Amino acid sequence: MKVKIKKAFSNYNLRRYMILTGILILMLIGFSLESKVYVTPANFTNIAAKFAEIGLIAASMSLVMLTGDIDLSVGSVMCFCAFLAGTLMQSYVPVPLAVLISLAVAAAIGFLNGFMIAVMKMQPVIVTLGTMTAFRGLCYVFKQGGPMRGLPDESFFRFGNGTLFGVIPYSFILVIVVFVILSAAMKKTRFGMDIRAIGNNASAAAFSGIKVRKYKIGLFTFNGFISGLAGIVILSRMQGIEAALGDGYEFEAITMCLLGGISINGGKGTMLGSFIGIIVIGYLKSGMNISHISAYYQSAILGAIILLSVIAGNLEPVRKKKEK
Amino acid sequence: MKSGRRSHEWAPLLSMILLFLLFTLITPRFAGLGNIKMIGKQVAINGILGVSLFLIVLTGGIDISIGSTLSLLCVLTGFLESKKIPFAIVFLQVLICGAVVGYLKGVLVTKIKLPDLIVTLAAKNLIRGIALMFSVQAYIITSPAMLSLGSGQLAGVIPVPFLCFAAVAAITAVILGKTRFGRRIYAVGGNSEAAVQAGIDVGRTKRSVYAFSGILIGVAAILYSSLYQNILASKIGSDTVNTLLAVVLLGGASMSGGRGRVLGIVFGALTMAVLNNGMILARSTDYWVTALTGILILLSMLVQFLQSSAVFRKKLGGEKDR
Amino acid sequence: MRRRLDWPGKKGEGTLAEYILQMKDIDKTFPGATVLNHAGLDVRQGEIMGLIGENGAGKSTLLKILTGLYTRTSGTILFKGREVTYASIEESADDGIAFMHQELNIFPNMTVTENIFLDRKDYVGKFGMIQKKRMEEDARKVLETLGVEIDVNRMGSELSIHEQQMVEIAKAMSMNAELIIMDEPTAALPENEVEIFFQFIRKLNRRGITIIYVSHKMVEIEAICDRVTILRNGTVVDVVNVGETTVEQMVNKMVGRQLDEYYVHTPTKNDGVLLRVSDFNGENFEQVSFELMKSEVLGIYGLAGSGTLELAETLFGYRKPTRGGVTLNGQAIKKTDIPNMVKNGIAYVPLNRKKDGFVRDMSVFENISMVGCGSYRKGIFVDWAKNRDICDKYMEALSIKAVSRDTHVNLLSGGNQQKVVLSKWLSIHPKVLILNEPTRGVDVGAKAEIYNLIDRLVKTEELGILLISSEAPEVLGMTDRVMIMHKGRICATLKTEGLQQERLLKLASGGKEEQSEERQEIT
């Protein structure tokens, strides 16, 4: 038994899961002392609905980060697509068509990112910072900086606010479905091995016949698409939208991935890790709100978490070398 | 050959002049002395911060926490001012604090070997959090020394903030061009492997650059406080990264490091200031400025890509000739 | 403090027997491997000392220890009679040791002057300003003394390879170096400029500068060195005077055995053309045409920079050909990118194993199944169990020594890493296997195993193998035919049987076949 635990601890991913679960349990105990509502199903529903959009983005961001890239434009693209879909609906375009158009536009933006990064070999940070700024600006243009309220077809809101069995929001089920599909693809097909190979050593991957460029473009396109999907979900949940929405989502999604064990240098980490990362961050933020920790401290705490989880991930190979 | 190398700096000057003419046509008020003075004032802060980011970019790195560092240092300025501490000491303390913050970022990047993007992303949140904690309500700057710094004019024409910007640019240009430290920065960004072989301590150079860039942010913070007087951390520097990146890219710096000159950054900053001021005067919604900034970033990247592929093609041709 | 630009230590003062450098009992262990075992290097004042050894013998480690890039595990170093331990290149340079690296370290974004005097404290004047004028003057002076005409204001990116080399030497000279270490200095130099470069080295040497010359080109060692230190497996086998020994003796000492006993390949019966390459052109090579038979090992021999690397990578689809095509089994391959080449059954074991060959942070299993795992499926999912069986099969067949198939590849030795790369390709049963320096950085035991494998593969699997190598004995011992490449062109295709090493070397360095005059250097 002891040997088994020790062996599990020597595995990078299993160790992450266990540490994160430990933190989650500690948080559940600690914050429930502060407030009785913290561990109730109602609070879970609340958290799950609130973090569904970021969770979606974190899923596809995990893939982008596994190949060693990063996408900072997700928050802007999400907001832009929500505005686009809302505007279309307000001009009486049927809901399904409006959704499809916005998703296509989102995917196109992702493709643009991917093309500039994979084919024109530009740095992901700069390119996506550029698209991030450009589309954030365009969000403000839609309503001259004001919010968008009221859509003609109210049935559209049902998805964002409905729950299964009164506990699990539909949007969170969507997150779970995306994670399960991606996780299966990572484990059961060669997709997972290919993108980890690209993230670890793109050159060796290319020399093994892996289509590095196509993968990168594909993943950025997918990331754009998922960001658009998150935009639709958030529009449906909030029944309206403002231009600053989603500012900082890229940061939170990256935090979740890093915390879940995705290496910033690529090639290391799992989808399950990112999923646990979402839950931990979700409960942490909810706990901080319940105990009235001000937003300023929250921002600082999240920054510290990023640093700590990256340092933890970075220190491991060093220690292994020293042991040898 | 030399003229070819310098063309990078003059491109933003040209675009600035074109923009200037365009805005003059749209709104005659634009070319008035008052407005030009205004632009001179407006360019100062983003210009100095642009130089500060440019230094990091020269070594091949990036810093997206400049905006929040600015807000922290502004809050510090306001805090010290409210304690009625003499200006000289406030000035010194802010610069030292800037250097320390920068140096710490450098330590995380070079000693623990974390990617600069993540370090500065985390630093951005951490520093902003700290800044917000210290500025529960706004600080109001009242000391005459600082007020005259913000509103003073040399010979009744040139705004003092602009002079500060010019001085910072000139000093940085001299350090980069004429000192051993400056040459080291170019060497580290140009070919870090070769720099190691040449006996340059790459880590130490990078840490010094982060500290130096922190000092410049300190200067910008002092100017900001004296220009706007009302300091509230949440209002300062939230979208600075994008503007600064546009300034640096417009200025002809290469994001992979080792290329670019301060003069180019000055013109880049002026272009952005003219654009910003002109758009507002032309009563366009200033939302377009944000969008345009992003588009400018992408366009400059595109230009760099085209240039480098042109150079590459030329090189290939040259090889064959041999 | 101003330092004058002087040439140090006039020759003639003191005797030749005076040692400028003595390295004794140097040990160096890396995690998992002993690289140097009581190695040493004694260099006399004013001589040119050659340093030879196979890849992995410890040459560069020894020199890195001397210049302070590595720390030694044990041993002593005496330089100019003083015991020294340098902590960095900067310190050893200050003491008069200059290191010219194989890859030239020129800063493309800086002028010649700046490249020569980069980071030198002697030129810091008032207020920390660099004295540019004086620096330029001195740069001009140094280049003049070397008899080189390069404008000191040109940018590094505009220099030819030869000029870059001259700048590197100027850099060493300007530091008042008394000992210059040259690591494969001619690797990037066109053949016709080598002699000019040698004259240059001799001129330096006459001024009293001591030189350590590292090269794997025996021709050069013989031409330029006074004495040679031979390293093998981290120990010094012998120190010989060049005039008193033959190249063969030196090579035998370096390799540590009679060469022929370890190349097992025997000629095979070739039946039918497998791969036809016609009028193939690309970056750094042109007009390459050849045929590879079934069950044949075809060697491509060329010195560094002769275009063999580019040819191999273009054949595999990593680079784009500018003209010409490839036919496999009579069918033209239209799309030349790696995935399509792999699909057609062409496999490539790259030159730079660490960078291009394997993924170091992934397991042996993942590396081996990286190419072929998709061919075994259950429905839409990969059948990992089947893949594991295949992986085990190859690990056993190639006797890969690893704790388990889940061990990360970076924990294996060079030879086992190479076997992992080979297994990866063998698992898809390729028709053509391109091997680029397959035994570089591989220990002797694994080397023999790889040679055995090559022989077995062509005989049992009807594979065609292209063996690219710059080691003449390997080419002569392992191939059926050999193509010799020089300056991007195939200059001869010969039957290996009965081919002499001298002829191979002469052709590869641009010598004409008819040329019958006996040159001392090529023995």
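The values are calculated or read from the model by the stated rules, or taken from the named source; none is laboratory data. Quick caveat: nothing in here was measured; it's all calculated off a predicted structure. FYI the Cβ positions are ideal-geometry reconstructions off the backbone, even for glycines, and counts take in every protein chain you see. What goes into the accessible areas is simple: the full protein's heavy atoms, side chains included, and nothing from ligands, DNA or RNA. Shrake-Rupley method; radii C 1.70, N 1.55, O 1.52, S 1.80 Å.
General observations
- The figure for C:ILE428 is an accessible area of roughly 40 square angstrom, using a 1.4 Å probe on the protein chains alone.
- Comparing the stretch A:99-180 with the 2.2 N^0.38 Å rule of thumb, its C-alpha radius of gyration ratio is 1.47 (two decimals).
- Shielding by partners, peptide B:190-198 (average Cβ within 10 angstrom, other chains): 6
- Rg ratio (alpha-carbon, reference 2.2 N^0.38 Å) - the protein assembly as shown: 1.02
- Span-like helix ranges in chain A, DSSP H, alpha carbon extent 18 angstrom or more, Kyte mean at least 0.5: A:12-34, A:41-66, A:74-90, A:95-114, A:124-142, A:170-188, A:212-238, A:271-290
- Of C:LEU51, C:ILE150, C:GLY414, farthest towards positive along the dipole that unit charges on Lys, Arg, Asp, Glu beta carbons give chain C: C:GLY414
- Theoretical FRET efficiency, 1/(1+(r/R0)^6), r = Cβ-Cβ of A:LEU164 and A:SER32, R0 41 Å, to 0.05: 0.95
- Per-residue shielding of A:141-153, expressed as the average number of other chain Cβ atoms within 10 Å of the residue Cβ, stands at 1.
- Shielding of peptide C:152-160 by partners, expressed as the average count of other chain Cβ atoms within 10 Å per residue Cβ, is 2.
- Total charge dipole magnitude, the protein assembly as shown, about the Cα centre, Cβ charges on Lys, Arg, Asp, Glu only, Debye to nearest 20: 3060
- Debye, to nearest 20: dipole size of the stretch B:10-304, +1 on Lys, Arg Cβ, -1 on Asp, Glu Cβ: 420
- Residues losing 30 Å² or more accessible surface upon assembly, the stretch A:247-272, compared with the chain by itself, 1.4 Å: A:PHE251, A:ILE264
- Ordering C:HIS162, C:HIS408 by accessible surface, largest first, gives C:HIS408, C:HIS162; the 1.4 Å probe counts only protein heavy atoms, with every chain in place.
- A simple spin-label model places pseudo-atoms 7 Å from Cα toward Cβ; at C:ARG456 and B:THR179 they are separated by 6.5 nm.
- Pairs from the table (B:LYS111/C:LYS424; B:LYS206/B:LYS235; C:LYS64/C:LYS447; C:LYS355/C:LYS431; A:LYS121/C:LYS487; C:LYS59/C:LYS393) lying more than 28 angstrom apart at Cα are B:LYS111/C:LYS424; B:LYS206/B:LYS235; A:LYS121/C:LYS487; C:LYS59/C:LYS393.
- DSSP H segments from chain B that extend 27 Å or more along their own axis, Cα-based, with Kyte-Doolittle mean of 1.6 or above: B:87-110, B:262-281
- Relative packing of peptides B:82-88, A:228-234, C:272-278 - highest average C-beta neighbours within 10 Å first: A:228-234, C:272-278, B:82-88
- Residue ranking by accessible heavy-atom surface, 1.4 Å probe, largest first, among B:VAL107, A:VAL77 comes out as B:VAL107, A:VAL77.
- Ordered from largest to smallest accessible area (heavy atoms of protein chains, 1.4 Å probe), the residues C:MET370, A:MET18 come out as A:MET18, C:MET370.
- Between C:GLN287 and B:ILE171, the modelled labels are 6.4 nm apart [label points 7 Å from Cα along Cα→Cβ].
- Each peptide among B:44-53, B:14-23 gets the average number of other Cβ atoms lying within 10 Å of its residues, and from highest to lowest they stand as B:44-53, B:14-23.
- Charge dipole of chain C about the Cα centre (unit charges at C-beta), most positive-ward option of C:GLY40, C:VAL382, C:ILE161: C:VAL382
- Computed E for C:THR327/A:VAL177 - FRET, C-beta separation, R0 51 angstrom, nearest 0.05: 0.55
- In terms of its C-alpha gyration tensor, chain A comes out oblate, because a/c is 1.5 or above while a/b does not outweigh b/c.
- For A:ILE210, solvent-accessible area (1.4 Å; no DNA, RNA or ligand), Å²: 10
- Remark: the stretch C:353-428 projects, on average over all directions, an area of 4.6 nm² (convex hull of Cα atoms).
- The accessible area of C:TRP384, taken with all protein chains in place and a 1.4 Å probe, comes to roughly 50 Å².
- Cα shape, chain C, gyration tensor, a/c 1.5 rule: prolate
- Shape of the stretch B:10-304, Cα gyration tensor, a/c cut at 1.5: oblate
- For the stretch B:10-304, the relative contact order works out to 35 percent when only alpha carbon pairs closer than 8 Å and six or more residues apart are counted.
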